[in-house]
Amino acid sequence: MFRAQVGQSEVMVPVVTLEPNSLHSAARGFVPASAPADFPPMAAFQQEALVSAVSLFDTMLDSEGGERGPELGWTEANQKFSDWLDTQSGDAQQKRKAIDVWLLSEPLSS
């Protein structure tokens, strides 16, 4: 549904995996900084963990945001559905079913 809205209809690689360390892997074009070869194993692990944590914090707290992409209208449609769902009575199970139906329905127009 989302790919159709952004004009990408080709088959894409799966976005969910159980492989360890896949988020920051060479398969995604990421070359992690590695500890010097003479570091003891525990120091190398600590250095890798520290670099990873600091990089994530730096990204989240970056005061200069990246370039905005085109507005596709999906955020407004999502918010409109969420607002509508808030007004509906029913238990969590019924609301989950409504969400499933909404997500599996025809692509939303902008």
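The values are calculated or read from the model by the stated rules, or taken from the named source; none is laboratory data. Note that the structure is a prediction, hence the values are computed from the model and not measured. Please note: Cβ atoms are built from the backbone with ideal geometry, for glycine as well, and neighbour counts cover all protein chains shown. Ligands, DNA and RNA are excluded from the accessible area calculation, which covers all protein heavy atoms including side chains. Shrake-Rupley method; radii C 1.70, N 1.55, O 1.52, S 1.80 Å.
Structure values in brief
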| quantity | calculated |
| --- | --- |
| FRET efficiency for Ala26 and Trp84, using Cβ-Cβ distance with R0 set to 41 Å, rounded to 0.05 | 0.40 |
| Trypsin sites (Lys or Arg not before Pro) lying in DSSP loop within the stretch 39-100, provided at most 16 other Cβ fall within 10 Å | Arg68 |
| Low-density loop positions, GluC sites (Glu not before Pro), the stretch 43-110 - DSSP coil, at most 10 other Cβ in 10 Å | Glu64, Glu67, Glu71 |
| Solvent-accessible surface (1.4 angstrom probe) belonging to Asp86, in square angstrom, nearest 10 | 110 |
| Residue-span extension gain [Gln93 to Val16] - 0.36 nm each, minus C-alpha spacing | 25.3 nm |
| Label-point separation in nm, Arg68 to Leu56, each point 7 Å along Cα→Cβ | 2.8 |
| Ser34 versus Thr75: modelled label distance in nm, points set 7 Å from Cα along the beta carbon direction | 4.0 |
| Gain in span if fully extended, Val101 to Gln47, counting 0.36 nm per residue against the direct Cα distance | 14.9 nm |
